[in-house]
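Any read-out appearing in this document is the output of simple, stated calculations on the displayed coordinates, not a laboratory observation. All of these numbers come straight from a predicted model, not from anything done at the bench. In this analysis, Cβ positions are derived from the backbone assuming ideal geometry, glycine residues included, and neighbour counts consider all displayed protein chains.
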Amino acid sequence: MTDEAPQRRRDADGPAETPDSVLLTAPRDGTPLPVTTPAELAEVARRFAAGTGPVAVDAERASGYRYSQRAYLVQLRREGAGTVLIDPVPLPDMTVLNEAIADSEWVLHAASQDLPCLTELGLRPQRLFDTELAARLAGFERVGLAALTESLLGYALEKHHSAADWSTRPLPASWLSYAALDVELLIDLRNALAAELERQGKTEWAAEEFAALVAGAGQPPRTRPDPWRRTSGIHRVRGARALSRVRALWYARDAIAARRDSTPGRVLPDVGIVAAAEADPKDERALVALPGFGGRSVRRLTSTWLNALSDARALPDAELPVTLPAEGPPPPHRWAERDPEAATRLARCRELVTGLATEHRLPPENLITPDSVRRLAWTPPEPLDEDAVREVLAGFGARPWQIGMTAPGLTEALRAVPPDPTASSPPDPTTSPPDPTA
């Protein structure tokens with residue numbers, strides 16, 4: 001299929017692109033029906049073990065509809081094996097497939113989004129190539145799958161089912177075609193991006209990034225302390241007692257959402273939690289008059305919401321939420337007031353990172369994370385030398401290529417704090433003092 005794509009073009013410095021595109025509406029081999037039985041899965045494993053080259057992998061979730069982030073469809077394609085669609089609902093354990101393809105390179109787009117749900121199914125890559133991350137490192141401004149296949153391969157993909165409820169059963173035929181097309185061009189795209197990375201001298205950078213993704217896929221998911229504090233609009237809620245109402249309503253909603261396997265916002269929107277926390281309604285009439293409580297399904301749970309508010313009202317002061325100490329440095333806009341020298345260090349570090357990123361045609365956040373720069377500028381290592389900066393960056397999770405690129409310049413930026421212009425200047429010894437009698 002790649003041979004039929006329009007001729008690609010490249011400007012003097014940037015990645016190759018193609019001026020025209022062809023809309024791709026159906027997989028080249030047709031749309032397969034989803035695999036739903038262990039026997040079918042075993043046959044897929046046999047076919048893919050006999051295939052050659054990388055394995056294109058994708059997964060569809062029901063974000064925005066379901067409480068969990070589980071996969072509701074898995075798509076794979078490999079040379080010699082074709083494309084398969086697998087329904088994970090009746091097949092929650094795919095280790096037999098994993099054993100067949102574990103030694104192969106897996107090609108995913110935005111791998112960090114799909115790896116957790118694939119891991120739940122027993123699918124764990126040992127090597128991977130992330131086409132989205134590769135495109136970022138190569139300097140592409142638009143890194144979505146459809147944008148990349150169009151600019152690099154000359155084929156346009158329709159993305160109108162990207163926000164669909166993939167927990168729907170049976171899945172419509174048009175959705176299955178859409179899902180199959182997500183892996184149709186992944187191998188071709190991988191090859192085009194690998195060539196571009198090689199041309200730019202960034203192959204090793206990408207290899208380190210991909211290895212970090214593989215290592216992270218085996219780690220347990222990070223759990224946030226006090227997840228209720230991330231309620232949208234919580235900054236408007238004042239006082240520990242009102243915060244306790246946010247907490248009580250958040251956990252009441254979360255329990256219902258988990259039981260229903262529904263996204264929490266569909267049970268009760270954040271705007272309702274914040275409104276009730278501010279108003280502290282005591283009865284149903286006052287509650288349903290608040291924003292977010294107008295829907296019939298929300299009103300059916302009125303007793304649940306009122307009980308949560310009552311529980312928060314009855315809490316002793318000792319059990320109210322406390323203000324947590326801030327993790328890491330304060331927000332940058334406060335630095336000039338709290339520590340002017342740190343603010344100067346941060347400005348110089350940011351300038352250094354932006355310059356390097358521009359020079360090497362990649363986003364600054366892919367060169368080094370903004371949080372790493374802030375933490376380094378707020379509390380520089382002592383003694384302040386390049387070895388110490390390298391050690392700190394490694395502790396923040398920076399990859400060797402990132403450290404090698406940024407550590408020398410960041411060390412100089414941390415050292416070079418100009419003198420305070422408001423401070424009085426010492427007298428110039430070469431200048432005669434004024435004659436008081438003149």
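Grab the Cα-Cα distance for residue 127 and residue 303, subtract it from 0.36 nm times how many residues apart they are, and report the gain in nm with one decimal.
Values: separation 176, 0.36 × 176 = 63.36 nm, distance 5.14 nm.
Once the chain is fully extended between residue 127 and residue 303, it gains 58.2 nm.
Packing around the peptides 195-208, 20-33, taken as the average count of other Cβ atoms within 10 Å per residue, puts them in this order, highest first: 195-208, 20-33.
In plain terms, the residue of 52, 302, 354 with the fewest other Cβ atoms within 10 Å comes first and the most crowded comes last, giving 52, 354, 302. Ranked for footprinting exposure by Cβ neighbours inside 10 Å, fewest first, 114, 87 give 87, 114. Of all the options 166, 106, 305, the one that moves most in a Gaussian network model of the chain with Cα springs shorter than 10 angstrom is 305.
Where Lys and Arg each count +1 and Asp and Glu each count -1, what net charge lies around residue 181 among other residues with Cβ under 11 Å from its Cβ? Kindly include the intermediate steps, with their values, before the conclusion.
Details: positive: 28, 77, 159; negative: 58, 158, 182, 184.
Cβ neighbours under 11 Å give a net charge of -1.
Computing FRET efficiency as 1/(1 + (r/R0)^6) for residue 415 and residue 141, where r is the C-beta to C-beta distance and R0 is 56 Å, gives about 0.95. At full extension, residue 198 and residue 229 could sit 6.7 nm farther apart than now, given 0.36 nm per residue minus the alpha carbon distance. Each label was represented as a point 7 Å from its Cα along the Cα-to-Cβ direction; for residue 219 and residue 93 these points are 2.8 nm apart.
Count the DSSP beta bridges whose two residues both fall in the chain, then state the antiparallel fraction as a percent rounded to the nearest 5.
Once the DSSP bridges in the chain are tallied, antiparallel ones form about 60 percent.
Each part gets one Cα centre, and for segment 173-211 versus segment 395-416 those centres are 29 Å apart.
In the elastic network of the chain, a GNM with C-alpha springs shorter than 10 Å, the most mobile of 290, 137, 128 is 290.
Could I have the simple spin-label model distance between residue 208 and residue 336, label points 7 Å from Cα toward Cβ, reported in nm to one decimal? Taking the two extended label points, one gets 3.5 nm. Other residues within the sphere of radius under 12 Å centred on the Cβ of residue 329, judged by their own Cβ, net out at +2 (K and R +1, D and E -1). Where (i) 29, 27, 20; (ii) 43, 25, 21; (iii) 45, 39, 19 are the candidate values, the label of the one calculated here for semi-axes √(5λ) of the Cα gyration tensor in Å is (iii). Put a dot 7 Å past the Cα of residue 311, heading toward its Cβ, do the same for residue 46, and the two dots end up 5.4 nm apart.
Rounded to the nearest 0.05, the FRET efficiency derived from the C-beta distance between residue 323 and residue 280 at R0 = 22 Å is 0.65.
Sort 396, 129 so the one with the fewest other Cβ atoms within 10 Å of its own Cβ comes first. Before the final figure, lay out the partial values.
Values: 396 15, 129 27.
Ordered from fewest to most neighbouring Cβ atoms within 10 Å, 396, 129 come out as 396, 129.
Charge tally around residue 106: other residues with Cβ under 12 Å, Lys/Arg +1 each, Asp/Glu -1 each, net 0. The distance linking segment 230-281 with segment 138-169 is 34 Å (Cα centroid to Cα centroid, whole angstrom).
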